[in-house]
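All remarks here apply to the structure that follows.
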Amino acid sequence: MTRRAAAAAPVRLDFAGGWTDVPPFSAREGGVVINAAIGLFVHAELVPEGRGFHLVADDLGQRLDLPDDAALRADGLLALHKAALRMRGVAPPVTLRTRADAPAGAGLGGSGALDVALIAAVAAATAAEGTAAPPPREIAEAAWRLEAIEVGVPGGRQDQWAAALGGFNVMRFRDPHVVVEPLTLDPEFAAELARRTVLCYTGASRLSGDTIARVMGAYERGEGTVVGALHGLCEVAERMAGALAAADLAAVGSLLSENWRLQQALDARMSTPMMAGLEAALRGAGALGGKAAGSGAGGCMFFLAGDDVGPAREAALAAGATLLPVRWEAAGVRLC
């Protein structure tokens, strides 16, 4: 039996260490990432209605109408939706509808949040009456498998774990193991950090799979610059955890920029002309530091502004960016 169920999962900002959660580096040497969930969500809803399967991504303007489960084959269009239904053996009739608050390809872990929302919603829709929801860590791992194994898109685990757990976290990866240490920030500092964080969408989504393939190919070939940058990102993440715990805004800003320098060392296409112009504009407006969100090569950047946030926001808009809201989200995936 399939019943109506809906779930929402938050996206994240990765403050430091992104890329080190990606295999094979995360399996061979172990990675560490500092991230925080923010109040932009990916939503998934299942409704037992109609005939066959109706898959809809409202934010992408995509829809598939499929006659039966034989049509849930692994091809490109709405592949995550189809894989989520296959994994749980969902029987028709079902409408599966999703939407995202953040732009597609923004570098905020949106596909990982979609994975999590899909897994949570499908599990709730197909669970026996009175069965407890899977724990967040179980949802996170199933969500990673959905994307990385079932659909075959390369990537790390941080996005799924951030969406499932919420909050500020230090995440340590030694595949397949994940150790999560929640970061408890001083409330006044957390509020000031949110006020000063300027989240800028560049208007161009990025293909993280292409970038990941280039970077990890270079790592496997033992290219010194890439290997050194990955180790440097781990070190920056450890220092970022200390800066956040110490409520040191200046250190946080400096480490964001150091992380971005190391990100750019991974691949020549990490920074687009738009991103370089945005970085220069925000630096000129007094930002303490900033970096690309996610893998880079487009999507979002975020910056830590000075005490007067106005000039940084105005500079970002003048550079052509779209500003997105920043509100820390303590909770992870939830049923709606």
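Check whether at least one residue in the stretch 238-247 is outside the structural domain of Leu13 (by TED's automatic domain parsing) and not in a helix (DSSP H, G or I), and report yes or no. Yes, there is a match, as at least one residue in the stretch 238-247 is outside the structural domain of Leu13 (by TED's automatic domain parsing) and not in a helix (DSSP H, G or I). Under the condition of being more than 21 Å from Pro136 (Cβ to Cβ), outside any strand (DSSP E or B) and in contact (Cβ under 8 Å) with a residue 12 or more places away in the chain, the residues counted in the stretch 1-32 number 13. Filtering the stretch 72-90 to residues that are loosely packed, with under 12 Cβ neighbours inside 10 Å and either under 20 Å from the mean Cα position of the chain (by Cα) or not aliphatic (A, V, I, L, M) (or both) leaves Arg73, Asp75, Gly76, Gly89. Can you name the residue in the stretch 148-165 that is of a type outside the set (A, V, I, L, M) and surrounded by fewer than 24 Cβ atoms within 10 Å (Cβ to Cβ) and is also nearest to the chain's Cα centre (by Cα) among such residues? Checking each candidate, the answer is Gly155. Would you be able to say whether some residue in the stretch 236-246 is without any contact (Cβ under 8 Å) to a residue 40 or more places away in the chain, surrounded by fewer than 23 Cβ atoms within 10 Å (Cβ to Cβ) and more than 20 Å from Ile34 (Cα to Cα)? No: zero hits. For Gly298, the conditions (1) farther than 24 Å from Pro24 by Cβ; (2) small (Gly, Ala, Ser); (3) free of Cβ contacts under 8 Å to residues at least 12 places away in the same chain all hold with the exception of (3). Candidates in the stretch 57-92 are the residues that are of a type outside the set (A, V, I, L, M, F, W, C) and outside any loop (DSSP other than H, G, I, E, B); of these, the one that is modelled with the lowest pLDDT is Asp69. Let me confirm something: among Leu256, Leu304, Leu262, Leu288, which residue is over 26 Å from Glu188 (Cα atoms), surrounded by 18 or more Cβ atoms within 10 Å (Cβ to Cβ) and either in the same structural domain as Gly167 (by TED's automatic domain parsing) or of a type outside the set (S, T, N, Q) (or both)? The match here is Leu262. For the stretch 54-71, the candidate set comprises residues that are among the aliphatic types (A, V, I, L, M) and farther than 15 Å from Val122 by Cα; within that set, the residue that is farthest from the chain's Cα centre (by Cα) is Ala70. Checking Gly50 against (1) crowded, with 17+ Cβ neighbours inside 10 Å; (2) more than 16 Å from Ala120 (Cα to Cα), only one condition comes out false. Which one? So the condition that Gly50 fails would be (1).
Number of residues in the stretch 269-287 that are part of a loop (DSSP other than H, G, I, E, B), of a type outside the set (S, T, N, Q) and in contact (Cβ under 8 Å) with a residue 40 or more places away in the chain: the value is 3.
Each residue in the stretch 161-203 was checked for being within 18 Å of Gly332 (Cα to Cα), assigned to a loop (DSSP other than H, G, I, E, B) and among the polar types (S, T, N, Q), and 1 of them qualify. Of the residues making up the stretch 104-160, those that are of a type in the set (Gly, Ala, Ser), more than 20 Å from Ser26 (Cβ to Cβ) and part of a loop (DSSP other than H, G, I, E, B) are Ala104, Gly105, Ala106, Ala127, Ala128, Gly130, Ala132, Ala133.
The values are calculated or read from the model by the stated rules, or taken from the named source; none is laboratory data. Bear in mind that the values here come from a model prediction, so they are computed numbers and not experimental data. Methodologically, a virtual Cβ is constructed for each residue, glycine included, from the backbone with ideal geometry; neighbour enumeration extends over all protein chains shown.
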